[in-house]
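The values are calculated or read from the model by the stated rules, or taken from the named source; none is laboratory data. Please read these numbers as outputs of a predicted model, since none were measured by experiment. Heads up, the Cβs are rebuilt from the backbone with ideal geometry, glycines too, and the neighbour counts pull from every protein chain shown.
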Amino acid sequence: MELAWFMIVAFMLVAYVVLDGFDIGAGIAHYIVGRTPEERAAVIRSIGPVWDGNEVWLLAAGGTLYFAFPPLYSAAFSGFYLPLIMVLWLLIMRAAGIELRHQLEHNHMWTSFWDFVFALASILLAIFYGAALGNVIRGVPLGADGYFFEPLFTHWGTTGETGILDWFTVLSGLVAFVALAVHGANYLALKTELEMNARARNLVSVGWYLLVALTTASLAAVMYIRPELLNNYYALPIGWLIPATVAASLAAIKYFNLNGLDKQAFLASSVYLASMLGGAVFGLFPVILPALDPELSLTVYNSRAGDYGLTAGLVWWPIGIILALGYYTFLFRSFKGKVRVGEEH
């Protein structure tokens, strides 16, 4: 039962990273792909009908954690209280940038301000999400009572009195920033045309080299910080397909980008994000919140909810996910095609 819910939570997190990842990436690329107010309005329109639906996956994943693994939820939200509040404000400001920008379209100062808010919030969100994953991989100072506290930063090291930000978590944040920028640029190339399409493709082309370098550096850093993540790969060799998929998806992004195949390039960056997150989940299992003291780590076994709740949830969750997937299928089919500069919001 706990394995089933672990896989459900992992699926929902991957769905969030892939889906909300492209509209966060669109925000990162906002000023690069959109050079004029009209072009930046087209960037907003490219994600307009879908961005808030994409964020539902984050809410659903958080609710599922609360339901299926309550000790994990309470520990994570207590220890990461400060960065979670910062993420909440970034989500609010990013939403405000999207929704308020077009309210006074003929006021240049108004639209410029909300363009800046949208781009800055998207950049910081990507970095914070990557740093959060870096904290999980590195481990947190979890106590015997199941709680912990971390300041924003300490000595920038990964041992001793750690902070939320150190050299490893900052590297993780940079990987997330570049990966989502490439993912968002692939999406914008798929949804735009002419000059905007060319700029989006160029951003993917340039960002790809940085993404390969950062991916290589981050994998080496993970092996240095937590080499035991390889244990599951040695125990179940089929897991090596995950890093092979990471490498193949990176090659596919470059190939499709060079050949102007925007849809395929977007799918390749989606596979890259899914396989990177999936590789971390596979290596950590059964641990879901590693502690600096391994004896205190939270696992799927010591943080699960009761049998009755998990069983009842397995009845209702498929109903909800079928409705959600049906809605998404309808939404994306209705929104297929290109957005054009000068169209109404």
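So that you can scan it fast, the table gives a plain yes or no per residue for (1) of a type in the set (Lys, Arg); (2) touching a Ser or Thr at 6+ places or on another chain (Cβ under 8 Å); (3) surrounded by fewer than 19 Cβ atoms within 10 Å (Cβ to Cβ); (4) outside any helix (DSSP H, G or I):
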| position | (1), (2), (3), (4) |
| --- | --- |
| Leu188 | no, yes, no, no |
| Arg199 | yes, no, no, no |
| Gly207 | no, no, no, no |
| Ala248 | no, no, yes, no |
| Tyr255 | no, no, yes, no |
| Lys263 | yes, no, yes, no |
| Ser270 | no, no, no, no |
Between Gly63, Gly97, which is outside any loop (DSSP other than H, G, I, E, B) and crowded, with 16+ Cβ neighbours inside 10 Å? Gly97
Touching a helix residue (DSSP H, G or I) at 6+ places or on another chain (Cβ under 9 Å), closer than 22 Å to Phe6 by Cα and surrounded by fewer than 18 Cβ atoms within 10 Å (Cβ to Cβ): does that describe Gly278? no
What are the residues in the range 294-326 that are surrounded by fewer than 12 Cβ atoms within 10 Å (Cβ to Cβ), farther than 22 Å from Trp57 by Cβ and either within 23 Å of the chain's Cα centre (by Cα) or of a type in the set (D, E, K, R) (or both), if any? Glu295, Asp307
Which condition from (1) closer than 21 Å to Val281 by Cβ; (2) surrounded by 21 or more Cβ atoms within 10 Å (Cβ to Cβ); (3) modelled with pLDDT under 85 is the one that Phe77 breaks? (2)
Unmet criterion (only one of (1) modelled with pLDDT of 85 or more; (2) over 21 Å from the mean Cα position of the chain (by Cα); (3) surrounded by 14 or more Cβ atoms within 10 Å (Cβ to Cβ); (4) farther than 30 Å from Ile319 by Cβ) for Pro71: (4)
The correct count of residues that are part of a helix (DSSP H, G or I) and surrounded by 11 or more Cβ atoms within 10 Å (Cβ to Cβ) in the range 327-345 is 4
In the range 176-205, anything free of Cβ contacts under 8 Å to residues at least 24 places away in the same chain and small (Gly, Ala, Ser) is listed as Ala198
In the range 7-38, which residues are among the charged types (D, E, K, R) and buried (at least 19 other Cβ atoms within 10 Å of the Cβ)? Asp20, Asp23
What pairs can you find where one residue is in the range 84-105 and among the small types (Gly, Ala, Ser), the other is surrounded by fewer than 16 Cβ atoms within 10 Å (Cβ to Cβ), and their Cβ atoms are less than 9 Å apart, with a gap of 6+ or different chains? Ala95/Asp52; Gly97/Phe113; Gly97/Phe116
Given (1) in contact (Cβ under 8 Å) with a residue 40 or more places away in the chain; (2) of a type in the set (A, V, I, L, M, F, W, C); (3) out of contact with any Leu (no Cβ under 9 Å at 6 or more places or on another chain); (4) within 30 Å of Lys191 (Cβ to Cβ), where does Phe80 come up short, assuming only one miss? (4)
In this structure, does Leu214 turn out to be touching a Leu at 6+ places or on another chain (Cβ under 9 Å) and not in a loop (DSSP other than H, G, I, E, B)? yes
Just checking, how many residues over the range 1-31 are of a type in the set (A, V, I, L, M, F, W, C) and more than 21 Å from the chain's Cα centre (by Cα)? 3
Options Leu310, Leu331: the member that is aliphatic (A, V, I, L, M), in contact (Cβ under 8 Å) with a residue 24 or more places away in the chain and over 21 Å from Pro70 (Cα atoms): Leu331
Can you confirm whether the range 110-125 contains a residue that is under 30 Å from Gly160 (Cβ atoms), in contact (Cβ under 8 Å) with a residue 60 or more places away in the chain and in contact with a Leu (Cβ under 8 Å, 6 or more places away or on another chain)? yes
Are any of the residues in the range 306-325 within 30 Å of Glu193 (Cβ to Cβ) and part of a helix (DSSP H, G or I)? yes
Within the range 150-184, restricting to residues that are part of a loop (DSSP other than H, G, I, E, B) and among the polar types (S, T, N, Q), the one that is surrounded by the most Cβ atoms within 10 Å (Cβ to Cβ) is Thr162
